[in-house]
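Novice: Dropping the structure in here first, questions after.
The values are calculated or read from the model by the stated rules, or taken from the named source; none is laboratory data. Every value quoted in this text rests on a predicted model; they were computed, and no experiment measured them. Heads up, the Cβs are rebuilt from the backbone with ideal geometry, glycines too, and the neighbour counts pull from every protein chain shown. When the accessible area is computed, the model is the full protein with side chains, heavy atoms only, and any ligands, DNA or RNA have been set aside. Shrake-Rupley method; radii C 1.70, N 1.55, O 1.52, S 1.80 Å.
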Amino acid sequence: MKSDFQNKSFYPAQGFPYYFDLVKNDDLYTLFSSLSSVTLLKSIGEEKATYRYAPTKWSIKQIVGHITDHERIKMFRAFQLSRNERVELWGYDQNLLVANSRFDELSLEQLLTDISSVRKASLSFIDTLSERQLKKKGKARHYEITLEEFLKSIIGHERHHINIIKENYLKKTS
């Protein structure tokens, strides 16, 4: 049975289905094991990491911190769903979290170490899940989705932000 968002009439321009589209049919282990984002981010260097392409936009460091925050939050919610706790899988105030962070004060190396540590913990958790748990369903906004789909959307979210960095940050600082 397909999830609600797999019906194209449900697709909004942004949000969960968009993130899921960015990962296509890749398996969870491949998605969470990929080092391509960290490799790209390491290549940016400290001097470019505070760049903003507009005054109201986040810096690259803030984006890295946001990606890490997002994974932390979503993995905890995935844990709750895997254990049958009722939880709303979507929604948090990303601007509030970034505004109350120290991301620009930290080195890019610290932020990349943090995101790598969170990713290792995510992989460790994913390794504990059964097929039955991955098929559990929860609500993300108005979509009913499986835990596996929810987990994949975490990497889709990361890819979304990496695409923004490539298009709006790196092209303008080269």
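Novice: Can you grab the distance from the C-alpha centre of segment 15-76 to the C-alpha centre of segment 92-109, Å, no decimals?
Specialist: 13
Novice: Which of the three applies to segment 75-174, rounded, prolate or oblate, going by the alpha-carbon gyration tensor with a ≥ b ≥ c and a/c under 1.5 meaning rounded?
Specialist: On the way: a/c = 1.99, a/b = 1.80, b/c = 1.11.
It comes out prolate by the Cα gyration axes.
Novice: Considering only 22, 108, 151, give the residue with the highest GNM mean-square fluctuation for the chain, with springs between Cα atoms whenever their separation is below 10 Å.
Specialist: Its mean-square fluctuation being the largest, the pick is 22.
Novice: Between 130, 37, 153, where does the largest GNM mean-square fluctuation fall for the chain, given springs only between Cα atoms within less than 10 Å?
Specialist: With Cα springs under 10 Å in the chain, the top fluctuation among 130, 37, 153 is at 130.
Novice: Right, something else. Hey, got a sec? Which GluC sites (Glu not before Pro) in segment 79-174 land in a DSSP loop and have at most 14 other Cβ atoms within 10 Å?
Specialist: On the way: sites: 85, 88, 105, 109, 131, 144, 148, 149, 158, 167; in loops: 85.
Passing both the DSSP loop test and the Cβ count: 85.
Novice: Tell me, in nm to one decimal, what length is gained between residue 171 and residue 21 on full extension, where the rule is 0.36 nm per residue of separation less the Cα-Cα distance? Please report the intermediate quantities before stating the final value.
Specialist: On the way: separation 150, 0.36 × 150 = 54.00 nm, distance 2.43 nm.
Additional length available on full extension: 51.6 nm.
Novice: If R0 is 45 Å, what FRET efficiency do you get for residue 125 and residue 104 from their C-beta distance, rounded to 0.05?
Specialist: On the way: r = 29 Å, r/R0 = 0.65.
Computed FRET efficiency for residue 125 and residue 104 comes out at 0.95.
Novice: Next question, about the same structure. Report the net charge of residues surrounding residue 43, where surrounding means a beta-carbon distance below 13 angstrom and charges are Lys +1, Arg +1, Asp -1, Glu -1. The partial results should precede the final answer.
Specialist: Numbers: positive: 42, 48, 166; negative: 46, 47, 109.
Cβ neighbours under 13 Å give a net charge of 0.
Novice: Compute the accessible area per residue over segment 77-126, keeping the other protein chains in place, probe 1.4 Å, unit Å².
Specialist: Numbers: 2970 Å² over 50 residues.
Accessible surface, normalised per residue, equals 59 Å².
Novice: Two decimals is fine: what is log10 I(q)/I(0) at q = 0.08, 0.09 Å⁻¹ for the chain, from a Debye sum with one equal scatterer on every Cα and no solvent?
Specialist: Computed log10 I(q)/I(0) values: -0.25, -0.31.
Novice: Multiply the residue separation of residue 141 and residue 160 by 0.36 nm, subtract the distance between their alpha-carbon atoms, and state the gained length in nm to one decimal.
Specialist: Numbers: separation 19, 0.36 × 19 = 6.84 nm, distance 1.88 nm.
5.0 nm is the gain from fully extending residue 141 to residue 160.
Novice: Then there is this: In a GNM of the chain with a 10 Å cut-off on Cα contacts, which of 159, 86, 77 has the highest mean-square fluctuation?
Specialist: It is 86.
Novice: Working out 0.36 nm times the residue gap between residue 97 and residue 116, then minus their Cα-Cα distance, what length gain in nm do you get to one decimal?
Specialist: Details: separation 19, 0.36 × 19 = 6.84 nm, distance 1.96 nm.
Between residue 97 and residue 116, full extension yields an extra 4.9 nm.
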